[in-house]
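Worksheet: one structure, shown below.
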Amino acid sequence: MHARTYRAFFLACSLCVWVGASRVRAQSDDPWFGQDKLWHFSLEVGISGAAYALSVPLVEPAWQRALIAGGMGLSVGIAKELYDATGMGDPSLRDLTWDVLGCAVGVGLALLLDLSLRGPARAPPGSAVMLRF
């Protein structure tokens, strides 16, 4: 497998997490397109993409790697909002919405990268062509 590519993808996702974590600031008026929404989105892209990349050597089917990545990303986003709900921040369903969108994009990008590196599965003659997930 293309271990260098997965490592590079993991490092890029980690950079998204680091940049996003250093920039998140709650806004009292909580607009849908506030700057903190961009950071929620980019953190989730980074977390879910990195989780996918880390699961590649451990789990074979791509759909299981996608579940791991999505679960990790959503867990972090939900935990952050629950932490905010304890009085340590401003909980926001809008933040959580951007978390979900970022998680979906991160998993989608990881799946596309994985598919592009592995290519479609070879189907036996006479059968329908199927992609290996």
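The values are calculated or read from the model by the stated rules, or taken from the named source; none is laboratory data. The shown structure was predicted, so the numbers you read here are calculated from the model rather than taken from an experiment. Cβ sites come from the backbone with ideal geometry, for glycine too, and all protein chains shown count toward neighbours. Please note that ligands, DNA and RNA were not included when accessible areas were found on the heavy atoms of the full protein model with its side chains. Shrake-Rupley method; radii C 1.70, N 1.55, O 1.52, S 1.80 Å.
Of note:
- Segment Asp84..Leu67, full-extension length gain: 3.6 nm, with 0.36 nm per residue of separation and the alpha-carbon distance subtracted.
- Highest-first packing order for the peptide set 48-55, 35-42 is 48-55, 35-42, based on the mean count of other beta carbon atoms within 10 Å.
- Packing order of peptides 98-110, 75-87, highest average first: 98-110, 75-87 (average count of other Cβ atoms within 10 Å over each peptide's residues).
- Using θ = phi - 60° and Karplus 6.51 cos²θ - 1.76 cosθ + 1.60, couplings along the stretch 42-50 (whole Hz; Gly, Pro as x): 5, 4, 5, 4, x, 5, 5, x, 5
- Probe 1.4 Å - accessible area at Met72, Å² to nearest ten: 100
- Evaluated at q = 0.17, 0.27, 0.32 Å⁻¹, the base-10 log of the normalised Debye intensity for the stretch 46-93, with identical point scatterers placed on the Cα atoms, takes the values -0.54, -0.85, -1.04.
- Convex hull volume per residue for the stretch 75-115, taking Cα atoms only, in Å³: 49
- Solvent-accessible ranking of Arg94, Arg118, Arg4, largest area first, probe 1.4 Å: Arg4, Arg94, Arg118
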